[in-house]
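Remarks on the structure that follows.
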Amino acid sequence: MLNRNVNYKVPRNLLVLFELMALLLLFIYDKDNLDKTTFISGISLIFTIYISNFILLRISTGDNYIFLIVTMLISIGIIMIYRIDKTIGMKQVIWVGMGIIVFFITYFIIKKIKGWKDWILVYGIVSIVLFILTLLLGTRTKGSINWISIGRFSFQPTEIIKLLMIFLIGSYYTNYEKYKEKKYGSYYLMGIIYVFIGFLFIQKDLGTVLIFYTIFITLQFIYEEDRKLILYNLLFFIVSGLAGFFMFDHVRIRFETWINPWAYIDNKGYQITQSLFAIAEGGFFGTGIGLGHPDFIPEVHTDFIFSAICEEMGIFTGIGIIMLFLILVYRGFKIAISQQDKFFRIVALGISILFGIQAFIIFGGVLKMIPLTGITIPFVSYGGSSMLSSFIALGILQVASEELDLEEVQNE
Amino acid sequence: MYNIFSLIFKYIFIVIIYLFILSIIRLIYLDIKGIGTVSLDNSIYLKLINRKDSLPFKIKEYYSLEDFVSLGRGNENKIIIKDPYISKNHLKIVEDEGNYYLEDLNSANGTYLNGDKIMDVVELKNGDRIRVGQVEFLYVNRE
């Protein structure tokens with residue numbers, strides 16, 4: 001017993017040690033232009049993470065590991081982003097700070113308000129409104145329309161819609177009996193998800209289509225009683241994959257560069273080949289932070305952060321990140337299994353799948369295992385809306401890890 | 001100068017990351033170890049009724065009973081539960097000729113057997129519910 005209590009502090013302290021050493025190293029690296037604000041924000045971030053981990057152990061009766069794992073991922077990410085570009089690194093520090101605040105806000109809101117499972121219409125309507133707004137106000141970057149800019153801020157509505165979709169599927173299957181009695185009741189959910197996927201096709205955002213499909217098919221596979229719907233779904237999946245391949249140029253280019261990037265090394269295959277060179281250059285232990293050339297890869301701070309980490313911190317750190325994601329997803333499944341409330345069980349499953357599939361797609365992409373799709377690694381890559389939505393998802397997962405039925409009984 | 005630092009630090013970073021992963025895996029291992037297997041080698045045990053995740057302190061799913069078991073917050077007890085509503089030395093369960101007897105050790109909040117506060121030594125029967133502090137146990141005797 002005593003031994004176990006002591007053990008809880010071990011990962012927390014290791015995390016702080018890691019962060020302090022990283023901060024020290026970054027300052028030696030950057031010693032010519034030391035400035036006070038960077039130092040203060042670095043220290044305060046370390047402090048915030050430590051305090052958050054500490055507070056969470058007190059206020060939450062649920063899982064204590066997911067936040068720890070995530071803060072480790074964030075630390076590795078920030079070190080790398082700061083080393084690549086100082087200003088982006090500072091922005092990322094601010095985003096993480098906001099993310100942690102959002103995490104706690106989400107945690108309290110989700111916990112206080114009851115009845116999340118009954119608002120299926122709200123989730124559907126809000127998602128569709130967001131989709132329409134994206135099409136009306138969106139700006140086109142790299143072949144897809146998926147950003148809305150308001151003043152100086154720009155965000156990706158699909159990051160929020162992902163979570164809304166998980167809530168929608170959750171509330172649908174929680175009230176499954178009710179919908180099943182209606183005529184064509186089991187087709188409602190498929191209908192609305194295909195509306196979402198249709199919008200994504202118009203936006204040409206096929207990476208997100210893949211995420212939506214995976215979450216939907218997995219949850220449907222677990223909860224759908226009408227098994228032939230899953231077959232339909234898989235069929236549609238293949239059809240829309242082929243349609244995407246023939247309709248969109250940038251999908252074909254991604255596919256060609258996946259089959260043989262070396263033929264196009266001077267233009268469209270440049271990014272992926274540079275990524276492979278970087279990973280190979282790093283070897284087992286990496287070149288050391290600041291000694292490699294991750295800036296040769298375009299988009300290195302978002303999609304290709306994994307290659308940069310592999311180059312400078314070694315393939316062992318890369319494997320470490322994959323293992324961190326493995327235990328994160330494993331914890332998510334464990335939370336889902338032990339949760340009694342059906343809605344939160346489905347939501348916990350959906351969020352674990354979301355983290356898992358996003359990590360899988362981008363790790364596979366930069367390692368040239370699967371065709372590359374430009375999405376961010378949750379918690380590691382640079383990106384404001386991705387960071388915030390991942391923290392919202394984590395907050396929901398934290399609520400789902402607690403015993404919700406028991407508290408209701410106690411309140412009565 | 002910086003190069004040397006960077007070279008040393010990269011090894012240290014990898015070591016720290018893996019220690020971190022290992023310590024978390026160890027915690028998870030301890031977390032799931034208690035499930036199911038302990039009860040098999042002993043047919044007399046206390047089973048936790050509360051859901052384990054709902055308690056803010058560390059507790060096991062099963063505690064197997066030997067001929068003398070004491071329970072409390074203090075570290076000298078056989079079963080240590082860091083619940084603030086449990087006294088330092090709260091209760092003991094003693095075996096005598098195959099039967100198990102529950103006795104409260106003048107605890108502040110008392111011990112409840114099937115909802116009634118116990119005053120004296122009581123004999124335990126299979127299926128009895130023992131409540132101490134916020135924790136409730138089921139007494140299982142399969143012999």
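Taking label positions 7 Å along the Cα-Cβ direction at both A:Ser44 and B:Tyr2, the computed distance is 2.6 nm, reported to one decimal. The distance between label points at A:Ala243 and A:Leu20 comes to 5.7 nm (points 7 Å beyond Cα on the Cα→Cβ vector). Residue order by solvent-accessible surface for B:Leu65, A:Leu206, B:Leu22 is B:Leu22, A:Leu206, B:Leu65, largest first, with ligands and nucleic acids left out and a 1.4 Å probe. Extension gain for A:Leu136 to A:Tyr264 (0.36 nm times residue separation, less C-alpha to C-alpha distance): 42.6 nm.
Once you've got the Cα coordinates, tell me which of A:Lys342/B:Lys82; B:Lys60/B:Lys92; A:Lys9/A:Lys86 are over 26 Å apart. A:Lys342/B:Lys82; A:Lys9/A:Lys86, as the Cα separations exceed 26 Å there.
If a spin label sat at a point 7 angstrom from the Cα of B:Tyr29 along the line to its beta carbon, the backbone N atoms of segment B:4-18 nearer than 16 Å would be those of B:18. Here is the list for segment A:241-305: trypsin sites (Lys or Arg not before Pro) lying in DSSP coil, each with at most 15 other C-beta atoms within 10 angstrom of its C-beta, are A:Lys268. Net charge dipole, the protein assembly as shown: roughly 1140 debye, given to the nearest 20, about the Cα centre with Cβ charges of +1 for Lys and Arg and -1 for Asp and Glu. Please build a GNM for chain A, connecting alpha carbons under 10 Å apart, and tell me which residue among A:Thr71, A:Thr208, A:Thr87 fluctuates the most. Among A:Thr71, A:Thr208, A:Thr87, the largest mean-square fluctuation in the Gaussian network model of chain A belongs to A:Thr87. With the charge dipole of the protein assembly as shown set up from +1 on Lys and Arg Cβ and -1 on Asp and Glu Cβ about the Cα centre, the Cα lying farthest toward the positive end among the listed residues A:Val239, A:Met369, A:Ala22 is that of A:Val239. Dipole orientation for chain B: of the candidates B:Gly72, B:Ile14, B:Leu27, B:Ile14 has the Cα lying most toward the positive pole (charges on Cβ; Lys, Arg +1; Asp, Glu -1).
For segment A:128-222, the set of trypsin sites (Lys or Arg not before Pro) satisfying both a DSSP loop assignment and a count of at most 11 other C-beta atoms within 10 Å is given as A:Lys142, A:Arg152, A:Lys182, A:Lys183. Against chain B, whose longest principal axis comes from its Cα atoms, helix B:2-33 is set at around 20 degrees. When chymotrypsin sites (Phe, Trp or Tyr not before Pro) are flagged only if DSSP places them in a loop and at most 13 other Cβ atoms lie within 10 Å, the longest unflagged stretch of chain A comes out as A:1-183.
On full extension, the segment bounded by A:Ile202 and A:Phe153 gains 15.3 nm, given 0.36 nm per residue less the C-alpha separation.
The values are calculated or read from the model by the stated rules, or taken from the named source; none is laboratory data. Keep in mind that this is a model prediction, so the values were computed, not measured. Reconstructed Cβ throughout: ideal geometry from the backbone, glycine too, with neighbour counts over all protein chains shown. Heads up: the accessible areas ignore ligands, DNA and RNA and are worked out on the full protein's heavy atoms, side chains in. Shrake-Rupley method; radii C 1.70, N 1.55, O 1.52, S 1.80 Å.
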